[in-house]
1. For the stretch 358-393, name all the residues that are among the β-branched types (Val, Ile, Thr), under 19 Å from residue 343 (Cα atoms) and without any contact (Cβ under 8 Å) to a residue 60 or more places away in the chain.
2. Can you name the number of the only condition in (1) within 22 Å of residue 184 (Cα to Cα); (2) open to solvent by 40 Å² or more (accessible area, probe 1.4 Å); (3) touching a Pro at 6+ places or on another chain (Cβ under 9 Å) that residue 11 fails?
3. Out of the helices (runs of 4 or more DSSP H) lying entirely within the stretch 39-147, which hold 2 or more residues that are over 21 Å from residue 187 (Cα atoms) and open to solvent by 20 Å² or more (accessible area, probe 1.4 Å)?
4. Residues in the stretch 335-345 that are open to solvent by 70 Å² or more (accessible area, probe 1.4 Å), in contact (Cβ under 8 Å) with a residue 12 or more places away in the chain and in contact with a strand residue (DSSP E or B) (Cβ under 6 Å, 6 or more places away or on another chain): how many?
5. For the stretch 399-406, does any single residue satisfy the condition of being open to solvent by less than 10 Å² (accessible area, probe 1.4 Å), touching a residue at least 40 places away in the same chain (Cβ under 8 Å) and touching a helix residue (DSSP H, G or I) at 6+ places or on another chain (Cβ under 7 Å)?
6. Which one of the conditions (1) at positive phi; (2) in contact (Cβ under 8 Å) with a residue 24 or more places away in the chain does residue 94 fail to meet, given that it meets all the rest?
7. Name the residues in the stretch 400-430 that are in contact with an Asp or Glu (Cβ under 6 Å, 6 or more places away or on another chain) and assigned to a helix (DSSP H, G or I), would you?
8. Select from the stretch 240-252 the residues that are surrounded by fewer than 18 Cβ atoms within 10 Å (Cβ to Cβ) and either farther than 12 Å from residue 314 by Cα or out of contact with any Leu (no Cβ under 7 Å at 6 or more places or on another chain) (or both) and list them in ascending order.
Amino acid sequence: MMNCDDFIKENGLIKEGEIIGVGCSGGSDSIALLHYLSGVQEKLDIEVVAIHIDHQIREDSYIDADLVKALARDLGIRYYKFRVDVPKLAKEKGQGLEECARDARYGVFKSVLQKGLVDKIALAHHAEDQAETILMHIFRGSGLAGAKGMEAKSDKAFIRPMLNVTKAEIYQYVEDNRLEYREDYTNKDTAYNRNFVRNVLFPDIVSRWPNAVQAIVNFGKSVKEDDDYIKKQVYDDALIYEEKTVKIPISYFLYDKAIVSRVIFKALKNIGIVKDVERKHINLIYQLVKQGENGSKINLPFEAVVVKEYDFLTISNKRKEKVVLNQPFKCGEFSVAGFGSVVVRRVKEFDGQNGLLLDYRKVPKDAIWRFRQDGDVFTKFGGGTKKLKSYMIDKKIPQRKRDLIPVLASGSEILAIAGVEISDKVKVENVPTAILIQVK
C-alpha cells in the first residue's frame, strides 16, 4: 500500500491549513497522488485542488483533461484546467518539445502560486524518476549538485511527496482503488532523453542489478548530505552584483575547488543562469583564471560571457529573453517593450489625427495582437497579397525592428501592422464602425 505520510512529515512538505495544487496529467503517477492527497485532506487539515495542463502536443489530449476533471468531481475537489500550445511555443523559442513543455508547466504553476490560488504545488515524481534524473545528470557531467537528484521540496512551493514510492507501488495503488488513468504514448518515444533512459537503459540495468533503483536513490541521498555540508562552508560576501552581471574576486580561487565551484554556481544562479552549465565549464573558468591574460574571455551556455578583468572574474548574462505578445483585439491601450504603446479606440469621425483606421465589423473574433511569424501574409491597402516579410522589406522597415512591431492577426492573415498600414480586407466603408489605431 502506498504511504507518503512519513515522507511528508519528515521533510516538512505540508503545513496545516494550506491549499495544495496537484499537477495532474492523467497518468498513473499523478492520478495516484491526487487520489492519495485528497484522501488525507482531513487528517492533514489541508485543501487539495487538481491542476491539469493541456500541452496540445497530442490530438487526443482533451481525453486526459476530461479524465482528470471527472476524478476531481468524484473526489469533490476544485479543478483548474490550462491550455498551452507547446508545439507553437517551441517553434517560436527554438526549443525542443520536452524542454518547452516543462517550462510551460512550471510557468503555469508559478502563475497559479502568484495569484494565491494555491500555497504549494505537489508533483508526482517517484523513486524511478529520481533514479533516472540522477543518471541523466551524471551523464551530462554534473557534480554533486546534480547527482543528488530532485529535492523533496524546491523553490519553497514545489513538493514531491512520492519520491520514496516505487512505480510498482503506484500501479498497485491505482489497481486497489480502481482508478482510471491514461498513459501518454509519447512516453515511449526514445528521441526524448528521459524516455531513452527509462525504456532502453533501465530495463537492462535492473535485469542485472534488481535493486538498482533504490541503490541510485540512496546514492542521491548521500550526495545531498555531502553537498549540503559543503554549501554551509561557502561564503560569498565579497561578490559584487550588478544587473545580470557578477564580479568574483580572483582571490576566491585560492580556496578549495569544492568551495569555489559552489560560489560560481550560486553566482550564475543569481544572474539568471540556471541550466546547461556543467563541470567542464567550471574547469574552463579555472583555466581562464590561472592562465588567461587580463581581458581574456570565454563563452558559456545560455549566452553567458566570462571575462578576466584585473582582480576580478566578471560573468555576464547576455541572453535577451524573447518578448511574447498575445493581446486580444479590443479598445484600450497596451505597451510593447522596444516599440511603444498602441492605443485602440472607436471614432465617430476622422478628424485628421495620425493613425490607422479600420472597420471593426470586418475583424474576425479570433484576431489578436502578436508579433510576426513565418507564413504570415498581408493584403496591401488597395489590393495585392504578399508575404509579410516581403511587404516589410518593401516598406524599408529595418530588420532589427520587424520582430518588435505588433501586428493584428487572424491565423496567418495580417489585418494591421501597428504604425504602418492596414489590410485592404478591413478598410473602412462606414465611419460609424471605424476603429482608430495609434502608436505613442
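1. Taking the stretch 358-393 and keeping what is among the β-branched types (Val, Ile, Thr), we get 363, 368, 377, 379, 385, 393.
Restricting the remaining residues to those that are under 19 Å from residue 343 (Cα atoms) gives 363, 368.
Hit for the stretch 358-393 is 368, nothing else.
2. (1)
3. Result: 41-44, 61-75, 86-93, 97-114, 144-147.
4. Filtering the stretch 335-345 down to residues open to solvent by 70 Å² or more (accessible area, probe 1.4 Å) leaves 335, 338, 345.
Among the residues that remain, those that are also in contact (Cβ under 8 Å) with a residue 12 or more places away in the chain are: 338, 345.
Next cut, in contact with a strand residue (DSSP E or B) (Cβ under 6 Å, 6 or more places away or on another chain) only: 345.
Residues meeting the conditions: 1.
5. The first filter runs over the stretch 399-406 and keeps only residues open to solvent by less than 10 Å² (accessible area, probe 1.4 Å), leaving 406.
Next, only the ones that are touching a residue at least 40 places away in the same chain (Cβ under 8 Å) stay: 406.
Subsequent filtering for residues that are touching a helix residue (DSSP H, G or I) at 6+ places or on another chain (Cβ under 7 Å) retains none.
The answer is no, given that none of the residues of the stretch 399-406 is open to solvent by less than 10 Å² (accessible area, probe 1.4 Å), touching a residue at least 40 places away in the same chain (Cβ under 8 Å) and touching a helix residue (DSSP H, G or I) at 6+ places or on another chain (Cβ under 7 Å).
6. The number of the failed condition is (2).
7. 426
8. 240, 241, 242, 243, 244, 245, 249, 251
The values are calculated or read from the model by the stated rules, or taken from the named source; none is laboratory data. From a predicted model like this one, the values you see are computed outputs, not experimental measurements. Positions of Cβ are generated from backbone atoms using ideal geometry, with glycine treated the same way; all protein chains shown enter the neighbour counts. The accessibility values were calculated without ligands, DNA or RNA, using every heavy atom of the protein model including side chains. Shrake-Rupley method; radii C 1.70, N 1.55, O 1.52, S 1.80 Å.
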